[in-house]
1. Only one of these is in contact (Cβ under 8 Å) with a residue 40 or more places away in the chain, buried (at least 23 other Cβ atoms within 10 Å of the Cβ), closer than 30 Å to residue 198 by Cβ and outside the structural domain of residue 245 (by TED's automatic domain parsing): 353, 314. Name it.
2. Collect the residues in region 71-93 that are outside any loop (DSSP other than H, G, I, E, B), touching a residue at least 24 places away in the same chain (Cβ under 8 Å), in contact with a helix residue (DSSP H, G or I) (Cβ under 7 Å, 6 or more places away or on another chain) and surrounded by fewer than 22 Cβ atoms within 10 Å (Cβ to Cβ), keeping them in residue-number order.
3. Could you say whether any residue in region 364-371 is within 29 Å of residue 62 (Cβ to Cβ), over 15 Å from the mean Cα position of the chain (by Cα), part of a loop (DSSP other than H, G, I, E, B) and not assigned by TED's automatic domain parsing to the domain that holds residue 148?
4. Show the residue pairs that are 6+ apart or on different chains and have beta-carbon atoms under 6 Å apart, the first residue being within region 143-156 and farther than 14 Å from residue 201 by Cα, the second being at pLDDT 95 or above and surrounded by fewer than 18 Cβ atoms within 10 Å (Cβ to Cβ).
5. Of all residues in region 155-164, which are surrounded by fewer than 19 Cβ atoms within 10 Å (Cβ to Cβ) and touching a helix residue (DSSP H, G or I) at 6+ places or on another chain (Cβ under 7 Å)?
6. Of all residues in region 174-189 being surrounded by 16 or more Cβ atoms within 10 Å (Cβ to Cβ) and not in a strand (DSSP E or B), which is farthest from the chain's Cα centre (by Cα)?
7. Identify all residues within region 333-350 that are outside any strand (DSSP E or B), in contact (Cβ under 8 Å) with a residue 12 or more places away in the chain and within 17 Å of the chain's Cα centre (by Cα); write none if there are none.
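The values are calculated or read from the model by the stated rules, or taken from the named source; none is laboratory data. Source: prediction; values computed, not measured. Here the Cβ is made from the backbone with ideal geometry for all residues, glycine too, and neighbour counts use every protein chain on show.
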């Protein structure tokens, strides 16, 4: 195929308001305020032949404006590049901003661009992103998180869980880590009773110390959990490894780590049974695929964090049977919906990620930056 260079790039900062402010253990321990919105960085790329791609990254609470600012500084370097040369283009952008590091905000800003380039490449091939990478399956086990936050009354959590299962979602995750451990146990007991033997996970959001995590993990054993997520600080690889050795329930962690290098330490320490990388947080799909190869070689299971619109495709390409996290928060941003059936999320057959930005997404845009020239009229 003839060289088809990038001619136009649009960056957009979008603020998604949540219907209800939500709280996990970090709020109940006083470390964070309730979450009321999520900041997104969208990247749209157009080529000389009129091919268009879209990608995004995000930040919960602080960081969204910083991602947008960093992407705006380096995005002009994309003009004239071959969009199929994704690793080389990524490295060029990475080194353009290397003085602020190769993890965190800097690479999370690049993630939106990287995801966009992969979406574009799959569209050029006429394939879903999973089809371009190489899938092992056309659907992935899915579990719901958005209905199980600590601020919700337990009656509402149970109702949310039952509704999710009735809608074809396969498992339920609830938040734990309340300062009063009796609250965690009572909520877990109620949800287990409400959903029967359906797969159940818990997430402590890093709010236990080592002794508490071990004690609570042992008390959770009778509930036959699929995993205990983030029982300790995200960077406590040794503590997670010790828990994994002492508990029968699998340990899951990794979502807060912001680079492949940070995950390597987790893998080498045998700190998790299930690794939970987040493509927008580690720098995009290019970095996620590098990490997935390492995780598979180490014999780890996979359950990517958040952003199901991206992670469904990546999970479908993992050799071991994975899970993908169901959140309905992002639904207003896109014109399409992902299908759940018989406990699984179905990989869409649409080219690329299979998403287009909605009118509502455009309406929630708070800042834009454009580079190059385009014949396209932006909504």
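1. 353
2. 74, 86, 87, 89, 90
3. yes
4. 154/190
5. Selection gives 162 alone.
6. Of everything passing the filter in region 174-189, 185 is farthest from the chain's Cα centre (by Cα).
7. Scanning region 333-350 gives 333, 338, 347.
Residues are listed down the side, and each one gets a yes or a no for (1) at pLDDT below 95; (2) part of a strand (DSSP E or B):
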| residue | (1), (2) |
| --- | --- |
| 14 | no, yes |
| 17 | no, yes |
| 20 | yes, yes |
| 38 | no, yes |
| 111 | no, no |
